[in-house]
Amino acid sequence: MTVQDKVIVITGASSGIGEASAKLLAKNGAKVVLGARRENRLQAIVQDIQDAGGQASYRVTDVTKPAEVQALVDQAQHDFGGLDVIFNNAGIMPNSPISALHVDEWNAMIDINLKGVLNGVAAVMPTFTSQKHGQIITTSSVAGIKSFAGSGVYGATKFAVRNLMEVIRMESAQEGTNIRTASLYPAAINTELLHTITDQSTATGMQKFYDAVGITPDAVARVVNFAVDQPEDVNVNEFTIYPTKQA
């Protein structure tokens, strides 16, 4: 199987990497089902895809709620008759020094960046295990492979996601279920993530850095498309995506 006709669920699909990936995958013949919290954005993106001749649907989804993620996955199977890929892309990045004690933001990152991914995994695992094929793609971060001051809790969630995806890959190989994984480690990609930073000094510094080196989400979308497009016996499972200008 290639991208053509694959049924792909995407969370965090209302902007940025999720939106760019949905549009590219649909352009290449995938049937995409989009989940996020902003219905107006989902409606507009689905309309854009359909106007371009693609196939898409959406469901308003909060990834911190297992039942809503399950409903999104169920809708994909109902709308398009199957399920091939989930792209766990929803995430927030309210970075700050640990000493600032933005505890509520720590908990929000754990709920969305880590538990949200686990909810996606739980929603697709029975189907993927039963049919003995499927692919789980997850957005980690360059902060999931190296440490950055100001990104302690964000990085912790992304390191956790990295470990989770590798263990799923290993266990799938051992169990013979043929579930492929792909972990994405984007660096400075110009998305709405910076808008979630409430710590003013952190926000100012990161915005200046991203303005200098950041690249568009289309760069990550092309990597997602590449991973999905591989033959079923090939698991290309880790991708670091840096702007060329970023050290």
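The values are calculated or read from the model by the stated rules, or taken from the named source; none is laboratory data. What you see is a predicted model; the values in this text were computed from it and never measured. Cβ sites come from the backbone with ideal geometry, for glycine too, and all protein chains shown count toward neighbours. The accessibility values were calculated without ligands, DNA or RNA, using every heavy atom of the protein model including side chains. Shrake-Rupley method; radii C 1.70, N 1.55, O 1.52, S 1.80 Å.
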### Task
Collect the residues in segment 1-41 that are farther than 22 Å from Gln230 by Cα, touching a residue at least 60 places away in the same chain (Cβ under 8 Å) and surrounded by fewer than 24 Cβ atoms within 10 Å (Cβ to Cβ), keeping them in residue-number order.
Ser15, Gly16
### Task
Scan segment 1-38 for residues that are in a helix (DSSP H, G or I) and at negative phi and report the count.
11
#### Entry: Residue under evaluation Val69, criteria (1) touching a residue at least 24 places away in the same chain (Cβ under 8 Å); (2) aliphatic (A, V, I, L, M); (3) within 18 Å of Leu194 (Cα to Cα), criterion not met
(3)
## Note on the structure
Of the residues in segment 184-210, those that are out of contact with any Phe, Trp or Tyr (no Cβ under 7 Å at 6 or more places or on another chain) and not in a helix (DSSP H, G or I) number 6
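Can you tell me how many residues within segment 211-230 are in a strand (DSSP E or B) and either out of contact with any Pro (no Cβ under 7 Å at 6 or more places or on another chain) or at pLDDT below 95 (or both)?
0
Which residue, of Asp233, Asp229, is open to solvent by 40 Å² or more (accessible area, probe 1.4 Å), within 19 Å of Leu24 (Cα to Cα) and more than 16 Å from the chain's Cα centre (by Cα)? So that I can check it myself, show each step before the final result.
Values: Asp233 fails: within 19 Å of Leu24 (Cα to Cα).
Unique residue meeting the criteria: Asp229.
So, in segment 238-247, how many residues would count as being open to solvent by less than 40 Å² (accessible area, probe 1.4 Å) and in a loop (DSSP other than H, G, I, E, B)?
Narrowing segment 238-247 to residues open to solvent by less than 40 Å² (accessible area, probe 1.4 Å): 239, 241, 243, 246.
When the remaining residues are screened for being in a loop (DSSP other than H, G, I, E, B), the result is 243, 246.
So the answer is 2.
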### Message
Cβ-Cβ under 6 Å, sequence separation 6+ or interchain: first residue in segment 159-175 and more than 18 Å from Ser141 (Cβ to Cβ) and free of Cβ contacts under 8 Å to residues at least 24 places away in the same chain, partner aliphatic (A, V, I, L, M) and surrounded by 11 or more Cβ atoms within 10 Å (Cβ to Cβ). Which pairs?
### Response
Ser172/Ile179
### Query
Mind checking which pairs have a first residue in segment 224-243 that is in contact (Cβ under 8 Å) with a residue 60 or more places away in the chain and closer than 21 Å to Gly176 by Cβ and a second that is of a type outside the set (Val, Ile, Thr) and open to solvent by 30 Å² or more (accessible area, probe 1.4 Å), Cβ under 7 Å, 6 or more apart or different chains?
Glu232/Met1; Glu232/His133; Glu232/Asn178; Asn235/Arg169; Asn237/Arg169
